[in-house]
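Asks: I'd like to ask some things about the structure below.
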Amino acid sequence: MAFGIFGGQFIDVIEWTDDTSDTMVYRFERQGNEIKYGAMLTVREGQVAVMVNEGEVADVFDPGLWQLETANLPVLSTLQSWKYGFNSPFKCEVYFINTKRFSDLKWGTKNPIMLRDAEFGPVRLRAFGTYEIRVSDPVEFLREVVGTDGRFSVDEVSNQLRNLIVSRVAVGLGKAKIPALDLAANYMELGDFLTNLVGPDFAAYGLNLQKLLIENISLPPNVEEALDKRSSMGVIGDLNKYMKFQAAESLTADGEAGGAAATGAGMGMGLAMAQQMAAAFSPSGGASPAAAAAPPPLPSEPSYYIAVNGAQTGPFQGHALHDEVAGGRLHADTLVWAAGMAAWTRASDVPAIARLFDVAPPPIPGSPPPL
């Protein structure tokens, strides 16, 4: 900031050189609260100067070199009733508004945002990022935000702007309906969407939201841990092969230190443990895929004992029973018994044997009757 003094009282040059990175508004300091008629006002690029007379905004000056006289002060001349010009000092406040872009401002959610996700159901999300602003309407910004503050920095308004962003982020995430696992792939589109959503709120303060960036949207730590485990299982693939490989790797290392004999014994134990662990995690509840798919054993035919002349013979089954019928040693009244029967029973009363008599040939003519 540089200024000249004429007569020890009046300011001849009014200008502001910003040596900070966060000052948005600077009120020019005057000696005696007076400005000399004809003083030079220098407004640099990235600045706008606003004249305020008795609390009321008067003239606004864009970048350039201006001489403060009636021709360049139309509003102030009207307010002061300077119909024919004047040559005496006048009282007026000069505010320099910084119109450059203020970047890398931080925003973030203090508390998780509750949302309903299509895949996980109700979830809590945290989000943070950065945004950029610039003063688009100096007069509105001076009226709505700055007031009479002599030096206004971006920190004084950033908290309010952050609250506006967070409130809109919750609404924006709900409207976007993007699954939690797909949010990272849509940060740019979501940032543009939120910029348009929050923009009107900033405009009410005379500010333009240049850009809003999302750096991260995260799930709670316990949910992320569960997702990591789920991803790990997908990477492992065949658990049975993985467990065998792990056991073999471990036992090979043991074998180098303990000898071949220890390695062989240990490998057998390790493979057995791997198979047991793999069986515990397998869908078949412990059976290997081959065992689970094997058919049941074929049913076996019962074996029958035959009573011949008071003596037990057999056991017989299948074709052997046919031979006994054909040889006359097994007929309808012959007593038979098999495992599961309560007592000796006539052969004709046992369905499996009774049907053999239907296909048996008749007795040979002239042969003796069966015993």
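Asks: Could you check, for the stretch 126-144, whether at least one of its residues is in contact with a Ser or Thr (Cβ under 6 Å, 6 or more places away or on another chain), surrounded by 13 or more Cβ atoms within 10 Å (Cβ to Cβ) and at pLDDT below 85?
Replies: Within the stretch 126-144, not a single residue is in contact with a Ser or Thr (Cβ under 6 Å, 6 or more places away or on another chain), surrounded by 13 or more Cβ atoms within 10 Å (Cβ to Cβ) and at pLDDT below 85.
Asks: Suppose we filter Glu54, Glu69, Glu45 for residues that are of a type outside the set (A, V, I, L, M, F, W, C), closer than 18 Å to Asp12 by Cα and surrounded by fewer than 19 Cβ atoms within 10 Å (Cβ to Cβ); which single one remains?
Replies: None of the other options fit; the residue is Glu69.
Asks: I need a count of the residues in the stretch 336-351 that are at negative phi and surrounded by fewer than 17 Cβ atoms within 10 Å (Cβ to Cβ).
Replies: Qualifying residue count for the region: 10.
Asks: Let me ask something additional. List the number of the failed condition for Gln210; all other conditions in (1) in a helix (DSSP H, G or I); (2) under 18 Å from Phe102 (Cα atoms) hold.
Replies: All conditions pass for Gln210, except number (1).
Asks: Collect the residues in the stretch 23-40 that are outside any loop (DSSP other than H, G, I, E, B) and under 55 Å from the mean Cα position of the chain (by Cα), keeping them in residue-number order.
Replies: Matches in the stretch 23-40: Thr23, Met24, Val25, Tyr26, Arg27.
Asks: Looking only at the stretch 59-76, count how many residues are in a loop (DSSP other than H, G, I, E, B) and of a type in the set (Asp, Glu).
Replies: Of the residues in that region, 2 qualify.
Asks: Evaluate the following for Asn111: is it crowded, with 17+ Cβ neighbours inside 10 Å and not β-branched (Val, Ile, Thr)?
Replies: no
Asks: Is the stretch 121-129 home to any residue that is farther than 25 Å from Glu144 by Cα, touching a residue at least 40 places away in the same chain (Cβ under 8 Å), in a loop (DSSP other than H, G, I, E, B) and in contact with a helix residue (DSSP H, G or I) (Cβ under 9 Å, 6 or more places away or on another chain)?
Replies: Within the stretch 121-129 (the criterion being farther than 25 Å from Glu144 by Cα, touching a residue at least 40 places away in the same chain (Cβ under 8 Å), in a loop (DSSP other than H, G, I, E, B) and in contact with a helix residue (DSSP H, G or I) (Cβ under 9 Å, 6 or more places away or on another chain)), the answer is no, since none of the residues qualifies.
Asks: Name the pairs whose Cβ atoms lie under 7 Å apart, with the first residue in the stretch 143-162 and within 12 Å of Val25 (Cβ to Cβ), the second loosely packed, with under 15 Cβ neighbours inside 10 Å and charged (D, E, K, R), and 6 or more positions between them or separate chains?
Replies: Ser153/Asp22; Val154/Asp22
Asks: List every residue pair whose Cβ atoms sit under 9 Å apart, with the two residues 6 or more apart in sequence or on different chains, where the first one lies in the stretch 16-32 and is within 20 Å of Leu65 (Cα to Cα) and at pLDDT below 90 and the second, anywhere, is basic (Lys, Arg) and assigned to a loop (DSSP other than H, G, I, E, B).
Replies: Once the first residue is within 20 Å of Leu65 (Cα to Cα) and at pLDDT below 90 and sits in the stretch 16-32, its partners that are basic (Lys, Arg) and assigned to a loop (DSSP other than H, G, I, E, B) give Asp18/Arg44; Asp18/Lys100; Arg30/Lys91.
Asks: While we're looking at this one, here's another question. Could you tell me whether the stretch 116-125 includes any residue that is buried (at least 17 other Cβ atoms within 10 Å of the Cβ) and within 18 Å of Met51 (Cβ to Cβ)?
Replies: Scanning the stretch 116-125 turns up no residue that is buried (at least 17 other Cβ atoms within 10 Å of the Cβ) and within 18 Å of Met51 (Cβ to Cβ).
Asks: Tell me, which residue of the stretch 176-219 that is surrounded by fewer than 17 Cβ atoms within 10 Å (Cβ to Cβ), among the small types (Gly, Ala, Ser) and modelled with pLDDT of 90 or more is farthest from Pro138 (Cα to Cα)?
Replies: The extreme case among them is Gly199.
Asks: Further question: For the stretch 145-157, enumerate the residues that are exposed (fewer than 15 other Cβ atoms within 10 Å of the Cβ) and of a type in the set (Val, Ile, Thr).
Replies: Across the stretch 145-157, the qualifying residue is only Thr148.
Asks: Being closer than 21 Å to Asn208 by Cα, outside the structural domain of Phe128 (by TED's automatic domain parsing), touching a helix residue (DSSP H, G or I) at 6+ places or on another chain (Cβ under 9 Å) and modelled with pLDDT of 90 or more, is that true of even one residue in the stretch 64-76?
Replies: No, that holds for no residue.
Asks: Okay, moving on. Find all pairs meeting these conditions: Cβ atoms under 6 angstrom apart; at least six residues apart or on different chains; first residue within the stretch 102-115 and closer than 11 Å to Ile133 by Cα; second residue in a strand (DSSP E or B).
Replies: Phe102/Ile133; Ser103/Glu132; Asp104/Thr130; Leu105/Tyr131
Asks: Follow-up question, since we're still on this one. Which pairs turn up if I take residues in the stretch 213-242 that are on the phi > 0 side of the Ramachandran plot and look for partners that are among the aromatic types (Phe, Trp, Tyr) and modelled with pLDDT under 65 with beta carbon separation below 9 Å, at least 6 apart in sequence or on another chain?
Replies: none
The values are calculated or read from the model by the stated rules, or taken from the named source; none is laboratory data. This is a predicted model, so every value here is computed, not measured. Here Cβ is always computed from backbone atoms with ideal geometry, including for glycine, and neighbour counts include all displayed protein chains.
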